Every structure is written in C-alpha cells, then in structure tokens.
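Asks: Okay, here's the structure, questions in a sec.
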Amino acid sequence: MSQPQDIPPRGSPRDNPVGSYEEQWLLGNSKQARRTSVAETDDKNRTSQSTATSTGKKGPKQPKPQTGPPNGVPPPKAAQGMTKAERRAIQERQRMEKEARVAAGLPGSAKKAAEQLSNPGASPRPASLASPNPSITSSPSLTKPAVEQVSKKAKAKTVEGVSPWLMHLEIPRKPETSSAGSKGLHPAMVTFGLWISEYKILGSNLRCAAMLETFKQACLSNSFLQSLTVIAQIIKDHRPPEAESFARHIQKHLDPHIAYLLNIRPMSLSMRECIRWIKKEISDIVETNPTLEDEGVRHRLIERIDHFIRDRITLADQLIVKNGLEKIQDGDVVLTYAKSTVVQKLLLEAKANGKQFRVIVVDSRPRLEGKTLLARLVKAGIDCTYVMISALSFVMRDVSKVILGAHALLSNGAMYSRVGTSLVAMSAKDLHIPVIVCCETFKFVNRTQVDSLVLNETADPDELVSTPLGDKNTLVNWKQESNLGVLNLLYDVTPSEYITVVVTEVGLIPCTSAPVIWREYNEELRKRQK
Amino acid sequence: MANSNGFDVVQTYRQILGDPDMSTPVATFKALAEFMKHSSASTMSEFMQTLDQASQQIKAAAYAETGSWSKYMRLTHEEPIQYQHKAQVAALAGMDLFLRFVARNSHDILDFETCKQNLIDRSELILQKAAVARDRAAATGAQFIRDNGLVLVHAYSRVLMRLLMIAGKTGKRFRVLVTEGRPTTEGERAVRELTEAGIEAQGVLDSAVAYIMNKVDMVLVGAEGVVENGGVINQIGSYQVALVAKAHGKPLYAVAESYKFVRLFPLSQYDLPTKTPRLLNFADKNLMHPLLSAQTSQRQREESTSSVDLDVDVSLADFVLSNPSVDYTPPEYITLLLTDLGNLTPSGVSDELIKLYL
C-alpha cells in the first residue's frame with residue numbers, strides 16, 4: 001500500500017533490522033534496538049492492514065492523507081488491540097524520521113503534524129456507525145486528539161524499559177480532566193473516567209452498568225455496568241444542535257466520549273461488546289423508524305439501555321445465583337479467587353439458604369480485592385480462610401469446588417479474568433476439582449485468544465514495587481536498572497480445559513458452548529431488527 | 001392419584017412400560033399424550049397445570065419403579081425402599097423434552113379448544129419422531145463397526161442391540177464381548193440375543209474389562225441420559241469401562257436417541273439428581289431396610305432370612321440396594337455420541353440443547 005509513509009530509516013545503524021531470534025528477543029542490553037525492531041514489526045503489520053485503519057490511526061504519520069481513502073469500512077475488530085501499539089511505534093518512528101517528515105513538507109513537531117493532518121482526516125467521516133459492524137473508534141476525526149495524547153505518554157513511558165513483546169499492552173495513565181470540558185464531554189463521563197482510572201470502579205459488571213448510565217446522560221460510556229449507566233445519563237442529557245436529528249447526532253456525540261474512555265483505561269472486552277450493542281441499537285432505531293421524533297428516539301434508547309442493565313446484568317445475576325445454588329452442597333469447601341460480584345452474591349445466598357459450607361478466599365497482590373469479599377462473607381457468618389495465591393497448592397487439597405468470576409468468555413471457550421485465575425483453575429484441574437465459572441452472557445465475546453499477552457492491560461508497575469519493606473526494598477530504584485522490567489498485568493486467559501462448567505443466566509453450559517450462546521443472542525438481535 | 005376425568009396417568013405409564021422394547025422417555029411421551037387427550041380442563045392454565053401435575057406423578061412413579069431389579073425388591077415389606085433406579089434420569093429427560101416441545105407454541109393461540117387440539121397434534125408429532133429415533137441412531141452407529149472387529153459392549157441396551165443387529169444384517173463379520181453388567185446381569189440376555197441372531201458373542205466379567213481391553217477395537221455404551229456437557233449417565237460400570245478404554249487408547253462411542261438429552265450438568269458422581277442418601281453411606285445404616293440395618297443382629301437376620309422366601313442372598317441385596325445403579329461418564333472419555341441427529345462430539349450436545357431451550 002502507500003509506500004512513502006512506510007519508509008523505515010534503514011540508513012541509521014540503530015534501525016538495522018535485527019538478524020536473529022536471539023538478537024530480537026533474548027538480548028538484555030540495547031533497548032533502543034529492541035524498540036526499533038518492534039516499530040519495524042508494526043510497520044509490516046500496518047501495511048498488511050486495511051487502508052481504512054491506517055487513515056484513522058496513522059494520520060500523524062502520513063505525508064499524504066489521501067493515500068488511504070477511508071472507504072467507510074470500519075477497522076477490523078482485531079485491529080483494536082493493535083492500534084495503540086501501532087500508535088506508539090509510529091511515535092517512535094516519528095522521532096527518528098523527523099527529517100524525512102520535514103522533507104515531506106510537514107512541521108517538525110509530531111504534534112503539529114498531527115494537527116495539520118487531523119483536518120483532512122476529519123472530512124471523510126465514515127458512515128460506519130450505521131453499518132452492521134460498528135467499531136468503537138470508528139471516527140477518525142474525533143479520536144485524533146486522543147491519539148496525540150496517548151502517543152505523548154507512550155513516549156515518556158518507553159524510557160522505563162518495557163519489554164518489546166509487551167509494548168503493545170496498555171499503559172496506565174491519568175485522564176486529563178482539564179481538557180475534558182473543551183472536548184464537549186459530559187461531566188458524568190469525566191467523573192466516571194476518573195473512577196475507573198483509579199480503580200474505584202472495579203469489576204466488569206459494575207464498569208459496564210455505570211458506563212451505560214453515563215452514556216444515558218450524555219450518550220457515552222465506559223466500564224460495563226458503569227459504562228452502561230454512564231451512557232444512559234449522557235443520552236438523557238444530550239441535546240442535538242438545531243439542524244440535526246437526535247439519532248444522527250447522538251452517534252457523533254458518543255464517539256469522543258468513547259475515545260475518552262478508551263484513553264483512560266483500556267476498555268474491558270465486555271464493555272466493547274456493550275458499546276457495539278449500543279451503537280447497533282442507535283442505528284437500528286434510525287433504520288426501523290426514520291420518522292421518529294427526537295424525544296421518541298431518546299426515550300427508546302434510554303429504555304433499551306435500562307432493559308439491558310436489567311435483563312442482562314441485574315436479573316442475570318439473580319438467575320446465576322439461582323442456578324449456582326444447586327451446585328453448592330452441605331459440606332462443601334469452596335475456593336474462590338479475588339472478587340467477583342456474582343460469586344459474592346452466590347455465596348451469600350447459599351449461606352442465607354442454610355447451606356453448610358466453608359469458603360477459602362485466595363487473594364493476590366497488589367490489588368487484594370479478595371479482602372472486600374472476605375469482609376462480606378465473614379460478616380454473613382460464613383466460615384472463611386484467607387490465603388495468598390502462593391499458598392494455593394497447600395489449601396487446594398481440601399477444596400471440593402472452585403467458583404470463579406469471569407471478565408469475559410471467549411469464543412474458544414477460554415476465560416479472560418483477573419490475573420492469577422488461570423493458575424487457580426489449573427491447580428484445581430490437576431486435582432480433579434470441578435471449576436465453576438459464573439458469567440453473565442453479556443460477557444461472552446466473539447474473539448479468540450490463546451495466551452494472555454495478545455490483549456491485556458498493565459497497571460502501574462510501582463504497585464508491585466512498593467512493599468512494607470520500605471527502603472530496604474531492593475526494587476525501589478528499579479527504573480534505573482537497565483536490565484530489569486516490572487510487569488503488572490491485570491488479566492490472564494484460562495484455557496477451556498480447566499473449566500468444568502459455566503453458570504449463566506440461561507443455565508449451566510460447558511465453556512465450549514460460548515460461541516453458540518453468543519450467536520443465539522446476536523441472532524435474536526438480528527431477528528428483532530427485522 | 002390425582003387425575004383428570006378419571007384418567008390415571010401413572011397406570012398408563014406403567015402399562016406402556018410393560019412393553020420390553022419401550023424406552024422410558026417414549027413411555028413418558030405416550031402417557032402424557034394420553035393424559036392430554038383425556039384432560040377435562042376448561043382453561044389453558046388449568047390444562048397446563050394438570051399436565052405439569054401429571055408429569056410430576058410420572059416422575060414420582062419412575063423413582064419408585066423397580067424395573068428389572070424387582071427380584072431384589074421382594075425383600076421389602078410394606079413401605080417401598082427408595083433406591084436409585086437407572087430409569088429415573090431417562091424419565092426426567094422425556095418429561096422435560098415433552099413439556100418443552102408441547103409448550104413451545106402454546107401461548108400463541110387464544111382459543112382454548114384450538115390450542116388444546118394443537119398441543120395434542122404436537123404430541124402426536126413428537127411420538128412419530130421418537131418412533132424412528134432409535135432406528136436412526138442405530139443405523140448411524142452401525143457404520144462404525146468394522147469388518148473383523150472386536151466390539152466391547154457394556155451390559156444391555158436396546159439401542160445398542162439394534163445397532164449390532166443392523167451391523168450383522170449388513171454382512172459385517174465381527175465379534176462382540178458383552179460385560180456381565182452387575183447387578184442386573186443383563187449382559188447375559190444380550191449374549192443370548194446376539195447369539196440367536198448369529199453374531200458371535202461372549203460374556204465378560206465386569207472385573208475382567210481391563211484384562212480384555214487390549215484386544216478390543218472399540219467400545220460401545222448405551223445411555224440413560226446424555227447430559228449438557230456431552231457426558232453420559234448410564235448403567236453402573238460404564239465409567240469404569242470408559243476409563244480403561246481411555247487408558248488403552250480405544251475409542252468409546254455412546255449410542256443414544258436424542259430424546260435422552262437432558263438439561264443436567266453433574267460435576268461428579270455425587271452430583272446426580274437421583275442420588276439417594278442411602279448410597280454407600282456408612283452413617284445411615286438405619287435408613288436401610290430393616291433386614292439389612294446395622295442394628296439387626298446376625299441372629300435376627302438369620303431368622304428373617306429363613307422366614308421369608310428368598311431366592312436372593314441377603315448380602316447381595318445389601319450390595320444392590322446400597323450401591324448406585326447409574327454412573328456418570330465425563331465427556332473427555334467419550335470419543336463420539338452416535339445419535340439420530342448424527343454423530344456428535346460431546347460438546348455438540350450442549351449446542352443442540354441450547355438451540356432447543358434458549
């Protein structure tokens with residue numbers, strides 16, 4: 001494709017493509033070389049990707065924006081995970097290719113170049129929102145400021161020595177609240193963004209519902225439950241400009257909010273699914289009833305969001321608790337890891353039903369989410385044991401059932417969940433202990449992942465470094481150590497063979513049926529549309 | 001027995017089951033279909049309610065059913081012992097499916113009479129479908145038998161026998177090993193019927209399964225119920241056979257009609273709905289039949305043994321009544337399920353069930 005933009009600075013020695021596997025991955029020294037090699041790889045990836053994607057995300061890089069016409073084709077879903085890495089890589093290259101850029105007639109600074117390019121990029125706004133497969137960041141014009149912001153931070157971060165194979169992962173960053181107002185963001189969204197960036201709203205259910213509520217307000221959102229809530233609020237408060245209809249404008253209006261959310265913390269898989277759903281709802285409403293008044297559209301959208309929160313989250317949880325209760329019997333020793341809202345509900349309900357069982361809460365640093373769960377369970381009078389994940393193999397032999405929450409259930413039957421879950425499930429499987437996963441069907445996503453690194457999220461590495469040891473802590477100056485990286489992953493992938501059963505609101509199913517459930521729900525949507 | 005218009009659904013169910021070739025789920029279909037025809041309900045909700053009650057009665061009856069174990073049940077006096085009978089799961093499967101199938105479109109029509117007629121028509125339809133299911137499953141499964149093969153079969157299963165007969169008729173030459181299938185020892189009957197049909201068959205002790213596994217080409221088991229994850233609930237011993245087959249790398253095929261698919265998801269052997277507190281329970285010997293209770297002294301035992309005309313040894317009866325009659329074979333031990341819907345992988349069962357129930 002567009003060759004000019006892809007010229008890597010092959011002339012300079014540090015950009016020499018590394019020759020061997022060992023050089024590329026295993027050598028600890030020259031970080032510079034490693035990073036460049038990643039940029040190279042990204043180059044190749046990028047060329048293989050659709051032109052539509054490159055206009056959106058690589059605007060800053062392109063000397064000639066018209067080389068990649070946005071056909072209105074939304075970027076492929078898979079590109080979602082890639083784009084940030086690409087952006088970072090681009091930024092890297094930009095620095096190195098400053099001269100080349102100047103030669104191409106663009107300003108020397110990356111930011112200015114981006115600004116200059118964002119305008120041409122804005123004009124061919126893809127009609128992707130109305131398309132059946134809307135992507136979260138389908139609007140190049142609106143995500144542009146976000147791109148800039150990300151790349152700036154990414155640049156600062158690369159100094160801290162992130163392993164090359166982890167550079168695509170999200171890096172935690174603080175939302176820029178000061179500039180939020182200028183982007184026309186809804187206040188609810190800004191609040192919500194701050195919450196999730198500080199991990200005040202944790203857990204995919206809460207995140208999604210809150211997101212939809214916020215979206216309701218301004219028509220935009222983030223974490224799933226939260227996101228849903230937020231969206232709902234946004235929609236409620238949104239007033240379109242005179243000339244435009246609500247339905248048309250709300251889509252545009254939601255985009256910067258979504259971009260903002262993406263920027264704060266990578267969206268959970270379920271949140272993405274949720275946003276995809278809401279965009280589909282919007283376009284459905286427009287398609288099925290073009291004559292509907294603005295108020296009618298708003299009303300209907302808010303109603304749909306409310307129903308979604310009610311049916312797929314609140315009621316679903318109740319049904320999961322009901323279904324899960326059958327599997328907790330007197331005398332059971334239940335092991336659970338970290339904290340899941342629905343698992344907590346299930347255990348409390350089992351206690352309320354008079355079942356005699358014991359719970360082992362396994363927890364891990366640095367987030368110690370299990371403590372909250374533990375407090376609730378102890379308060380309810382359940383016999384509990386609290387251990388760190390390092391004691392897992394010791395406690396596992398007493399366990400009769402493992403009950404886990406999920407962040408998302410993937411199409412290959414694997415589960416995406418809090419980091420450490422895979423370890424717990426594996427050791428349970430090793431001892432032939434049934435592993436029960438509680439998961440609402442809205443968290444079933446159409447995506448396949450076989451390892452935990454393709455898509456994941458990292459949190460601040462300093463969280464791992466700070467320990468009660470204080471100054472004696474050898475890791476205090478870890479950033480100065482050139483041959484040390486600290487990785488604070490947030491999620492991992494549990495392969496399907498470790499999961500015995502998934503408890504959903506539609507019953508108990510084997511995890512390999514996840515794609516069937518996903519398909520059924522999406523077909524239902526399609527049918528309703530007709 | 002509560003009934004509608006003097007119709008006794010349990011009696012009908014028992015009568016239908018009197019046919020040795022009748023499988024339990026189909027018997028429930030028939031009994032419930034008869035019940036619907038005789039129903040005197042005047043509103044839809046009453047109709048559905050009585051239908052529901054009728055199915056509960058059948059369920060209760062199935063749980064009290066003695067089936068082929070009746071010879072042991074002579075030990076019981078007035079009150080019947082509640083023990084695990086293998087047909088329970090099958091009855092459950094049949095009932096669920098029938099209610100689901102019949103009730104699926106029942107709310108679309110407002111006029112009660114039309115609606116009732118519609119339901120009766122649907123129940124006829126399900127019976128027609130069920131009638132061909134066994135032959136179809138057997139026919140699909142028969143293709144798996146290779147010429148000159150040695151097939152191991154666990155105990156007696158109607159659909160399995162049908163399968164072997166079909167394979168025999170198509171001119172395949174194969175030999176069959178049949179496990180004894182304690183405690184019902186129905187394997188004996190299977191050997192007899194196969195030999196009569198001209199198929200070389202030989203009985204094998206349940207305890208000799210591992211001994212012969214090395215020579216076996218494939219293992220076939222029937223099913224009382226196929227659970228949601230594709231695991232199979234079948235006569236006791238199937239799990240053991242499956243484990244041995246897996247250890248020797250031999251394929252194990254479960255043959256089942258699709259009306260035996262049931263929305264259960266057992267996590268272990270102890271998680272079956274038909275488990276009774278008596279099963280292999282050290283603490284609850286008192287729950288056992290008076291003859292067998294721990295409090296019964298040896299002398300009393302001898303006395304009562306002599307006073308009742310028994311053709312069964314008391315200790316054997318003890319074994320039977322305090323032991324499970326079915327076990328659950330997890331899906332990882334099953335190569336394929338040969339059903340009337342075609343040959344399914346275990347995970348395919350869940351997909352079929354989801355389509356039906358979601």
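The values are calculated or read from the model by the stated rules, or taken from the named source; none is laboratory data. As the structure is a prediction and not an experimental result, all values here were calculated from the model. Every residue, glycine as well, gets a Cβ built from its backbone with ideal geometry; the counts of neighbours run over all protein chains shown. Accessible surface is based on the protein model in full, side chains and every heavy atom, while ligands, DNA and RNA are left aside. Shrake-Rupley method; radii C 1.70, N 1.55, O 1.52, S 1.80 Å.
Asks: Show the residue pairs that are 6+ apart or on different chains and have beta-carbon atoms under 6 Å apart, the first residue being within the stretch A:372-393 and assigned by the TED database to the domain that holds residue A:349 and more than 19 Å from residue A:425 (Cα to Cα), the second being open to solvent by 70 Å² or more (accessible area, probe 1.4 Å) and in a helix (DSSP H, G or I).
Replies: Hits for this filter: A:384/A:378.
Asks: In the stretch A:490-512, is there at least one residue being out of contact with any helix residue (DSSP H, G or I) (no Cβ under 9 Å at 6 or more places or on another chain) and more than 10 Å from chain B (Cβ to nearest Cβ)?
Replies: Within the stretch A:490-512, one or more residues are out of contact with any helix residue (DSSP H, G or I) (no Cβ under 9 Å at 6 or more places or on another chain) and more than 10 Å from chain B (Cβ to nearest Cβ).
Asks: From the residues in the stretch A:294-322 that are open to solvent by 20 Å² or more (accessible area, probe 1.4 Å) and touching a Ser or Thr at 6+ places or on another chain (Cβ under 9 Å), which one is nearest to residue A:403 (Cα to Cα)?
Replies: Step one: list which residues in the stretch A:294-322 are open to solvent by 20 Å² or more (accessible area, probe 1.4 Å), which gives A:294-296, A:299-300, A:302-304, A:306-307, A:309-312, A:314-315, A:318-319, A:322.
Retained after the next criterion (residues that are touching a Ser or Thr at 6+ places or on another chain (Cβ under 9 Å)): A:294, A:309, A:312, A:319.
Working: A:294: 46, A:309: 24, A:312: 20, A:319: 16 Å.
Across the stretch A:294-322, the extreme among qualifying residues is A:319.
Asks: Within the group B:141, B:149, B:168, which residue is modelled with pLDDT of 90 or more and either acidic (Asp, Glu) or open to solvent by 20 Å² or more (accessible area, probe 1.4 Å) (or both)?
Replies: Criteria check complete, one pass: B:168.
Asks: Which members of the stretch B:205-229 meet the condition of being farther than 18 Å from residue B:25 by Cβ and under 16 Å from the mean Cα position of the chain (by Cα)?
Replies: Within the stretch B:205-229, just B:220 meets the criteria.
Asks: Out of (1) without any contact (Cβ under 8 Å) to a residue 60 or more places away in the chain; (2) open to solvent by 10 Å² or more (accessible area, probe 1.4 Å), the odd one out for residue A:360 is which?
Replies: The single condition residue A:360 does not satisfy is (2).
Asks: Would you confirm whether or not the stretch A:277-287 contains a residue that is surrounded by fewer than 18 Cβ atoms within 10 Å (Cβ to Cβ) and more than 29 Å from residue A:455 (Cβ to Cβ)?
Replies: The answer is yes, given that some residue of the stretch A:277-287 is surrounded by fewer than 18 Cβ atoms within 10 Å (Cβ to Cβ) and more than 29 Å from residue A:455 (Cβ to Cβ).
Asks: How many residues does the stretch B:192-211 hold that are within 21 Å of residue B:240 (Cβ to Cβ) and open to solvent by less than 30 Å² (accessible area, probe 1.4 Å)? Quick ask: steps written out before the conclusion?
Replies: Step one: of the stretch B:192-211, the residues within 21 Å of residue B:240 (Cβ to Cβ) are B:201-211.
So of that shortlist, the ones also open to solvent by less than 30 Å² (accessible area, probe 1.4 Å) come out as B:201, B:204, B:208-209.
Number satisfying all stated conditions: 4.
Asks: Could you tell me how many of the residues in the stretch A:318-367 are on the phi > 0 side of the Ramachandran plot and of a type in the set (Val, Ile, Thr)? Steps first, answer last, please.
Replies: Step one: filter the stretch A:318-367 for residues on the phi > 0 side of the Ramachandran plot, giving A:331, A:338, A:354.
Still in the running and of a type in the set (Val, Ile, Thr): none.
Residues meeting the conditions: 0.
Asks: Please enumerate the residues belonging to the stretch A:426-462 that are within 14 Å of chain B (Cβ to nearest Cβ) and part of a helix (DSSP H, G or I).
Replies: A:428, A:429, A:441
Asks: Looking at A:341, A:336, can you tell me which residue is modelled with pLDDT of 95 or more, buried (at least 17 other Cβ atoms within 10 Å of the Cβ) and hydroxyl-bearing (Ser, Thr, Tyr)? Reasoning before the result, please.
Replies: Details: A:341 fails: modelled with pLDDT of 95 or more.
That would be A:336, the only listed residue that is modelled with pLDDT of 95 or more, buried (at least 17 other Cβ atoms within 10 Å of the Cβ) and hydroxyl-bearing (Ser, Thr, Tyr).
Asks: Under 8 Å by Cβ, and 6 or more places apart or on different chains, what pairs join a residue from the stretch A:445-461 that is in the same structural domain as residue A:277 (by the TED database) and open to solvent by less than 60 Å² (accessible area, probe 1.4 Å) with one that is aliphatic (A, V, I, L, M) and modelled with pLDDT of 85 or more?
Replies: Sorted first by the residue in the stretch A:445-461, then by its partner, the list stays empty.
Asks: If a residue has to be in contact with a strand residue (DSSP E or B) (Cβ under 8 Å, 6 or more places away or on another chain) and open to solvent by 10 Å² or more (accessible area, probe 1.4 Å) to count, how many in the stretch B:42-57 make the cut?
Replies: Of the residues in the stretch B:42-57, 1 are in contact with a strand residue (DSSP E or B) (Cβ under 8 Å, 6 or more places away or on another chain) and open to solvent by 10 Å² or more (accessible area, probe 1.4 Å).
Asks: Considering only residues that are among the hydrophobic types (A, V, I, L, M, F, W, C) and either open to solvent by 20 Å² or more (accessible area, probe 1.4 Å) or out of contact with any strand residue (DSSP E or B) (no Cβ under 7 Å at 6 or more places or on another chain) (or both), look in the stretch B:212-232 and name the one that is farthest from the other protein chains (Cβ to nearest Cβ).
Replies: Result: B:212.
Asks: Moving to a separate point now. For the structure I just gave you, tell me whether residue A:497 is modelled with pLDDT under 90 and surrounded by fewer than 23 Cβ atoms within 10 Å (Cβ to Cβ). Steps first, answer last, please.
Replies: Values: modelled with pLDDT under 90: no; surrounded by fewer than 23 Cβ atoms within 10 Å (Cβ to Cβ): yes.
For residue A:497, the condition - modelled with pLDDT under 90 and surrounded by fewer than 23 Cβ atoms within 10 Å (Cβ to Cβ) - is not met.
Asks: Is it true that residue A:402 is touching a Phe, Trp or Tyr at 6+ places or on another chain (Cβ under 9 Å), modelled with pLDDT of 95 or more and within 14 Å of chain B (Cβ to nearest Cβ)?
Replies: For residue A:402, the condition - touching a Phe, Trp or Tyr at 6+ places or on another chain (Cβ under 9 Å), modelled with pLDDT of 95 or more and within 14 Å of chain B (Cβ to nearest Cβ) - is met.
Asks: Is there a residue in the stretch B:215-236 that is in a helix (DSSP H, G or I) and either among the charged types (D, E, K, R) or not assigned by TED's automatic domain parsing to the domain that holds residue B:330 (or both)? Working first, answer last.
Replies: Step one: list which residues in the stretch B:215-236 are in a helix (DSSP H, G or I), which gives none.
The answer is no; no qualifying residue exists.
Asks: State all residues of the stretch B:318-358 that are farther than 22 Å from residue A:498 by Cβ, within 14 Å of chain A (Cβ to nearest Cβ), of a type outside the set (D, E, K, R) and outside any loop (DSSP other than H, G, I, E, B); if no residue qualifies, say none.
Replies: B:337, B:344, B:353, B:356, B:357
Asks: Please tell me if residue B:256 is surrounded by 21 or more Cβ atoms within 10 Å (Cβ to Cβ), over 17 Å from residue B:161 (Cβ atoms) and either in contact with a Lys or Arg (Cβ under 7 Å, 6 or more places away or on another chain) or touching a residue at least 60 places away in the same chain (Cβ under 8 Å) (or both).
Replies: no
Asks: Right, something else. I need a count of the residues in the stretch A:369-384 that are within 11 Å of residue A:336 (Cβ to Cβ) and in a helix (DSSP H, G or I).
Replies: Selection size over the stretch A:369-384: 4.
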